[in-house]
Structures are given as structure tokens and as C-alpha cells.
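Below is one structure; the comments refer to it alone.
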Amino acid sequence: MYAMSLGDDGAELRPLEPWQAEEFLAHMDRGREFIGARNGLPDVVTDLESSRAYLRLYAEKVATDSGRIHGIWSDGVLVGAVILRRLDTAAGTAEAGCWLEPSAVGKGLVTRAARALVDWAISVRGVHRVEWVVSSDNEPSIAVARRLGMTRDAVLRESYDYRGKRHDEEIWSVLARDWKP
């Protein structure tokens, strides 16, 4: 397995695979409430089998070249992830996303990891447009989109029902011609 350095602090970006389901579940348990405030993943990954199933879903996406998941490790501990929820090289589009547990907030890990993933999608896979879909009240994720040089394309008013409340979603994107790795 390979690891990509995310900088001088020792943080690394590595693929997440089904054999890491226990570590992924432990990460989710540590960040369940924090991550779940804006992301439905903690409602999906609740035990070892669901953790394995989620990572298997992404293993299948890797096998079909339709998505990716990479973990963010800090001091040898899985603390977050970046994903390509959707990757369609024929259409030239992808949708990126992320999450982080509280212990890793404020270190620039998500921005560095997302930059590496977006760069891979554009530079290696030839994607023309990478999107970032975020709840309008998720300021940290919007800040990442801005740091990546993305442009806000749209606000979809009350388009997303999360835990019984309607949320506005923002679509941010970067085009290959505007990408600065």
C-alpha cells in the first residue's frame, strides 16, 4: 500500500480498503457526534459489518473507476477522509467530499488532502470539472472549497433533508483550466 505525505507534520493520505474496517469504525466512533452534525456517514457506519460494507462500496467504485476514498492519518491515527463520491471520466466530472474528527481540526489536513485528490482527478484521470456539494451552514467545508480555488455555482434552496430539517446546499466547482495544483 502506498502513502502520500501531506506535509512536514507527518500527516499522510492513504487508500482506505475493506480490511481496515475496524480502524475505520474506531475513527467513526471517535468523531461520530462531530462528523454527524453535517454528514450522514455516522448513521451508516454503526458497526463492524456496516463499516466493512461502506469500504467495500468504495473498493467496488475503485474497481469500476467511479469513485475513491482515501484516509487522512495524523501521527499514525486515521482522523478523516477525502472521497470522490462520484467519478465519471467519460463525462469529465467528479464530486469530492470530506470529513474530519475533532482532534484533527485546524491543521489544514482536509485542504491538503482534498487538494491532492482533486489534483489526481484532474491531472491523472482527465476530469474537466470537480464539484463540492455542501450545506450552506457548513462554513468549514465552504472554506475548504474556497482554499481549493473553487467557485460557488449555485445554492439549491432547502434541497436536502437531514435529520428532519431542510438545508440549503451549495454547489462549488473548479474546472481543469482554472486548477492550480
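The values are calculated or read from the model by the stated rules, or taken from the named source; none is laboratory data. Source: prediction; values computed, not measured. Note: ideal-geometry Cβ built from the backbone for every residue, glycine included; neighbour counts use all protein chains shown. The protein model used for the area step is the full one, side chains on, heavy atoms only, and it has no ligands, DNA or RNA in it. Shrake-Rupley method; radii C 1.70, N 1.55, O 1.52, S 1.80 Å.
Would you confirm whether any residue within segment 5-21 is modelled with pLDDT of 95 or more, in a helix (DSSP H, G or I) and among the polar types (S, T, N, Q)?
The answer is yes; a qualifying residue exists.
Would you check if Glu101 is over 21 Å from Asp88 (Cα atoms), in contact with a Phe, Trp or Tyr (Cβ under 8 Å, 6 or more places away or on another chain) and acidic (Asp, Glu)? Steps first, answer last, please.
On the way: over 21 Å from Asp88 (Cα atoms): yes; in contact with a Phe, Trp or Tyr (Cβ under 8 Å, 6 or more places away or on another chain): yes; acidic (Asp, Glu): yes.
So Glu101 passes the test.
Do you know which residues across segment 155-178 are touching a helix residue (DSSP H, G or I) at 6+ places or on another chain (Cβ under 8 Å), of a type in the set (A, V, I, L, M, F, W, C) and within 16 Å of Ser136 (Cα to Cα)? Walk me through how you get there before you give the answer.
Within segment 155-178, the first condition is being touching a helix residue (DSSP H, G or I) at 6+ places or on another chain (Cβ under 8 Å), and the residues that meet it are 170, 172, 174, 176.
In the following step, the residues that additionally are of a type in the set (A, V, I, L, M, F, W, C) were identified as 172, 174, 176.
Selection gives Trp172 alone.
Of the conditions (1) modelled with pLDDT of 95 or more; (2) under 20 Å from Pro15 (Cα atoms), Gly76 clears all except one; give me its number.
Result: Gly76 fails condition (1) only.
Anything in segment 15-64 that is without any contact (Cβ under 8 Å) to a residue 60 or more places away in the chain, under 14 Å from Leu84 (Cα atoms) and of a type outside the set (S, T, N, Q)? List them, or say none. It would help to see each step written out before you state the result.
So in segment 15-64, the residues without any contact (Cβ under 8 Å) to a residue 60 or more places away in the chain come out as 15, 17-26, 28-29, 32-33, 36-37, 41-64.
So of that shortlist, the ones also under 14 Å from Leu84 (Cα atoms) come out as 15, 54-55, 57-64.
Correct list: Pro15, Tyr54, Leu55, Leu57, Tyr58, Ala59, Glu60, Lys61, Val62, Ala63.
Scan segment 82-110 residue by residue and report those that are acidic (Asp, Glu) and more than 21 Å from Val127 (Cβ to Cβ).
Quick first cut of segment 82-110, residues acidic (Asp, Glu) only: 88, 95, 101.
Glu101 - this is the single residue of segment 82-110 that is acidic (Asp, Glu) and more than 21 Å from Val127 (Cβ to Cβ).
Kindly provide the set of residues from segment 128-142 that are in a helix (DSSP H, G or I) and either under 15 Å from Gly71 (Cα atoms) or open to solvent by less than 20 Å² (accessible area, probe 1.4 Å) (or both), ordered by number. Spell out the reasoning first.
At the first step, the residues of segment 128-142 found to be in a helix (DSSP H, G or I) are 139-142.
Across segment 128-142, the qualifying residues are Ser141, Ile142.
Scan segment 86-96 and give yes if some residue there is within 14 Å of the chain's Cα centre (by Cα) and farther than 29 Å from Asp161 by Cβ, otherwise no.
Residues of segment 86-96 within 14 Å of the chain's Cα centre (by Cα): 86-87, 94-96.
Still in the running and farther than 29 Å from Asp161 by Cβ: none.
No - not one qualifying residue is present in segment 86-96.
Hey, could you check segment 1-60 for residues that are of a type in the set (Phe, Trp, Tyr) and touching a helix residue (DSSP H, G or I) at 6+ places or on another chain (Cβ under 9 Å) and say which is farthest from Gly164 (Cα to Cα)? Steps first, please.
Narrowing segment 1-60 to residues of a type in the set (Phe, Trp, Tyr): 2, 19, 24, 34, 54, 58.
Subsequent filtering for residues that are touching a helix residue (DSSP H, G or I) at 6+ places or on another chain (Cβ under 9 Å) retains 19, 24, 34, 54, 58.
Values: Trp19: 34, Phe24: 27, Phe34: 18, Tyr54: 23, Tyr58: 27 Å.
So the residue we want is Trp19.
Being within 13 Å of the chain's Cα centre (by Cα) and within 20 Å of Met28 (Cβ to Cβ) is the filter here, so list the residues in segment 97-116 that pass it.
Step one: list which residues in segment 97-116 are within 13 Å of the chain's Cα centre (by Cα), which gives 97-101, 109-116.
If the condition is that a residue be within 13 Å of the chain's Cα centre (by Cα) and within 20 Å of Met28 (Cβ to Cβ), then Gly97, Cys98, Trp99, Leu100, Glu101, Leu109, Val110, Ala113, Ala114 are the ones that fit.
On the basis of being of a type outside the set (Gly, Ala, Ser), at pLDDT 95 or above and not in a helix (DSSP H, G or I), does Val174 make the cut?
yes
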